[in-house]
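Q: I have a structure here, written as structure tokens, and I will follow up with some questions on it.
Read the figures in this text as sums done on the coordinates, not as results from a lab. Nothing here was measured: the structure is a model prediction, and the numbers come from that model. A quick note on method: Cβ atoms are made from the backbone with ideal geometry, for glycine too, and the neighbour counts reach across all protein chains shown.
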């Protein structure tokens, strides 16, 4: 009886969650008017110039965001634990603040800031990197915090320092290899966030992947659906690999939006 | 940690923190303060404190959008919390290292946090005008699933939001469920409790704060969500996030950009109140969840 209920529930949830994904695969490969199958929508992902360009922009944004986030956050979090414990509460507060302040609110208040950014750095969509760093802070913070809590940071750094290593060497060659799983989590989750981000990019008028998907959707449904499915699958694979790589550590994905 | 740091060292201690705080201040604090300050600005007079923009929040259009947003967030929070808790229970009762469990959790993470636009297209491909399910049902029963375009109305948004609310519930509620120890069940059973009694007297009281807290988080999540609704509803602004979009993009209408600030402030207030309540409940859960 109990097993039957459980099996029935699995089937119902499975249908609800997997059917739309199946429908996307089906929809993106059918010829809407003549009937039959075609891979044209999937081929468009690389041959359509605007879409291809948007994919490149989004991938570059993901890369820049990950690098910038790690470069800013890792030394800060190490320093706060070792030398400036008085600032630890403030750092945590600001890292988790984006959970309470919606991206939509940030973009409304961002106009003046971006006038300055555009003035100094030009109007490249890659300037979105700065806002995206803020957006991924909660996820990156949690991943890195868990990793840093699981090692004896004080002893490690003191040992490295007393053997003559400078701060740069200590962080890069002693601490970072020990928190590798946290860094990987932070990086993967940040990539997924950036590739899926639409709110800020669209309302700031930059052509990222998600913005292109919506634009194309108005004229060419199958291509948009193919691109959407590709993004979802990519995110799924990324997180699945992450859960396999960091096996044993629980609640790696205990990130909340 | 040593408590009394000499003051002269504070500066050298604080210096390495500068890049972090610079980014956070410029790209998080300043935008937020801009929103709050501008919501109380007067654009007709020469820059003075006023409630005229806040007053616009009480216009029929703004109140209607707020009502719809609350309705949408509350209904999807309740549906998501209940169904998500059931799914989380299903996941917990499968072995922790199984591939099925990893896959389900990864899929939940993707749908809950990174779906956005893609989820709108998932439902367009399923029950849109030429959607796969629409065509099947049309051929089999002759019904038109996409009839009257309900997918683009509030009812459609409820359905699509459920698709990311249930997975979010799984992710935030799973740790609490995993925290229930097998010993507690054994203790209760060996003291003569039935399975139902154990559930009612032990599990429910323990999980209630976590459940309510997660439901609040779901509410805030739905209230602030923008991408899915924006991709699905291209015209009209039935909910607050879409009203902000139209206020931001149609600045030809006089005073509309000021309206966006007021609406954004409204969103900050709603989300902050809900998240504060969430934090209280989480702290309560944290007492036994270790």
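Q: Relative contact order for chain A: what percent, with Cα pairs under 8 Å and sequence separation of 6 or more?
A: Here the relative contact order equals 29 percent.
Q: Report the FRET efficiency, 1/(1 + (r/R0)^6), for residue B:154 and residue A:165, where r is their Cβ-Cβ distance and R0 is 60 Å, rounded to 0.05.
A: 0.50
Q: Could I ask something else about it? Would you mind ranking A:64, B:20 so that the residue whose beta carbon has the fewest other beta carbons within 10 Å leads the list?
A: Ordered by Cβ neighbours within 10 Å, fewest first: A:64, B:20.
Q: Okay, moving on. Counting other beta carbons within 10 Å of each Cβ, put A:86, A:79 in order, fewest first.
A: Fewest to most other Cβ atoms nearby, the residues stand as A:86, A:79.
Q: Output needed for chain A: three equivalent-ellipsoid semi-axes, defined as square roots of 5 times the C-alpha gyration tensor eigenvalues, in descending order, whole Å.
A: 38, 26, 17
Q: Give me the inter-chain shielding for A:127-137: mean count of other chain Cβ atoms within 10 Å, whole number please.
A: Average per residue, whole number: 3.
Q: Can you give the three extents of the C-alpha atoms in the protein assembly as shown along their principal axes, from longest to shortest, in whole Å?
A: Over the protein assembly as shown, Cα extents along the principal axes are 79, 75, 49 Å.
Q: Rg and Dmax of the stretch A:92-152, Cα atoms, in Å?
A: According to the Cα coordinates of the stretch A:92-152, Rg and Dmax are 14.5, 45 Å.
Q: Sticking with this structure for a sec: With chain A treated as a Gaussian network of Cα nodes joined by springs under 10 Å, which of A:137, A:209, A:104 yields the largest mean-square fluctuation?
A: A:104
Q: Which of A:58, A:149, A:190 ends up with the largest GNM mean-square fluctuation for chain A, with Cα atoms connected below 10 Å?
A: Looking only at A:58, A:149, A:190, the largest GNM fluctuation is found for A:149.
Q: Just how far, in whole angstrom, is the stretch A:213-232 from the stretch A:49-97 if you go by their alpha carbon centroids?
A: Comparing the Cα centres of the stretch A:49-97 and the stretch A:213-232, I get a distance of 29 Å.
Q: Follow-up. Take residue B:183 and residue B:279, extend 7 Å from each Cα along the Cα→Cβ direction, and tell me the distance between the two endpoints in nm.
A: Distance between the two pseudo-spin positions: 3.3 nm.
Q: Also: For the stretch B:13-85 and the stretch B:161-183, compute the distance between their C-alpha centroids and round to whole Å.
A: Answer, in whole Å: 28.
Q: Oh, and also: Sort A:92, B:201 so the one with the fewest other Cβ atoms within 10 Å of its own Cβ comes first.
A: Fewest to most other Cβ atoms nearby, the residues stand as B:201, A:92.
Q: Taking only Cα atoms, what is the 0 to 90° angle, nearest 10, from helix A:221-245's long axis to the longest principal axis of chain A?
A: Approximately 40 degrees, to the nearest 10.
Q: If you don't mind, there's one more thing I want to ask. Can you classify chain B as rounded, prolate or oblate using the Cα gyration tensor, where a ≥ b ≥ c are the square roots of its eigenvalues, rounded means a/c under 1.5, and otherwise it's prolate if a/b beats b/c and oblate if not?
A: Note, shape of chain B comes out oblate.
Q: Next question, about the same structure. Can you give the FRET efficiency to the nearest 0.05 for residue B:71 and residue B:269, using r as the Cβ-Cβ distance and R₀ = 22 Å?
A: 0.80
Q: Let me ask something else. Picking from A:183, A:101, A:216, which is most flexible by a Gaussian network model of chain A using Cα springs under 10 Å?
A: Maximum among the listed residues: A:101.
Q: Another one. For chain B, what's the relative contact order in percent, using C-alpha pairs closer than 8 Å and at least 6 residues apart?
A: Dividing the mean separation by the residue count of chain B yields 28 percent.
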